[in-house]
Amino acid sequence: GFELPRNVVLSGEVRFPGRYALTRRGETLLDVVNRAGGLTENAYVRGAQFYRAEGRAGRVGIDLERVLRDTRYRDNLTLFPGDSLYVPQYQSVVAVEGAVNSPVGVAYVPNRSAGYYVDRAGGYARRADKGRTYIVQLNGTVMRRSETVEPGARVVVPEVPAGEEKTNWGQILTSVASLLTTALTLILVVQKL
């Protein structure tokens with residue numbers, strides 16, 4: 001009946017951070033958070049980051065704020081050995097990276113989308129793939145560029161892959177219009193002769 005200790009790690013703004021042994025099968029995230037004394041007053045719950053080692057799942061986006069309100073919510077995960085939870089302090093900066101003119105951190109402003117932060121980072125670079133811009137919220141959730149950015153998030157602007165250069169429709173339309181004008185002029189000149 002001997003079994004190796006099954007441990008999880010809680011860190012950051014937890015009252016008693018550290019390594020905790022799972023005491024029973026089916027123990028949930030909230031069970032262990034409560035055993036660790038709960039969260040400190042500086043905890044930024046919306047930015048909680050959960051990692052799962054089993055199956056190499058890595059970072060798992062969770063809504064700890066909702067779990068604290070509703071223990072039956074799906075994100076109150078049953079824990080496995082090697083799981084870890086990090087609860088950060090409030091982050092007042094949004095990182096803007098990738099194909100922007102000046103990748104920087106930008107002070108967080110409530111209710112703004114990715115475009116606002118890209119503008120504050122000098123706008124899109126020449127090779128930016130604007131349509132594929134995405135947001136990585138502090139808790140690991142990845143969202144489309146039109147969603148609201150939360151404190152501590154990253155706004156990522158990918159580059160257009162090599163060989164998939166962007167089509168410049170304005171330049172194409174200008175060229176076609178110029179060719180049509182030249183062709184019509186030639187037709188009129190030939191008809192007058």
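Numbers below:
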{"quantity": "Options [x] 104, 38, 27; [y] 68, 37, 36; [z] 50, 39, 26 - which one matches Cα extents along the principal axes in Å as calculated here", "calculated": "[x]"}
{"quantity": "By accessible area with a 1.4 Å probe, ligands and nucleic acids excluded, highest first: order of Phe50, Phe16, Phe80", "calculated": "Phe16, Phe80, Phe50"}
{"quantity": "Region 138-193 versus region 57-104: alpha-carbon centroid distance in Å", "calculated": "35 Å"}
{"quantity": "The chain: angle of helix 169-192 to the longest principal axis, Cα-based, in degrees nearest 10", "calculated": "10 degrees"}
{"quantity": "The chain: most fluctuating residue of Ser178, Ser11, Ser84 per GNM, C-alpha cutoff 10 Å", "calculated": "Ser178"}
{"quantity": "For Val118, net neighbour charge (Lys/Arg +1, Asp/Glu -1) across residues whose Cβ lies under 10 Å away", "calculated": "+2"}
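The values are calculated or read from the model by the stated rules, or taken from the named source; none is laboratory data. If you're wondering where the values come from, they're calculated on a predicted model, not measured in any experiment. In this analysis, Cβ positions are derived from the backbone assuming ideal geometry, glycine residues included, and neighbour counts consider all displayed protein chains. To get the accessible areas, we keep the full protein, side chains included, count just its heavy atoms, and leave off ligands, DNA and RNA. Shrake-Rupley method; radii C 1.70, N 1.55, O 1.52, S 1.80 Å.
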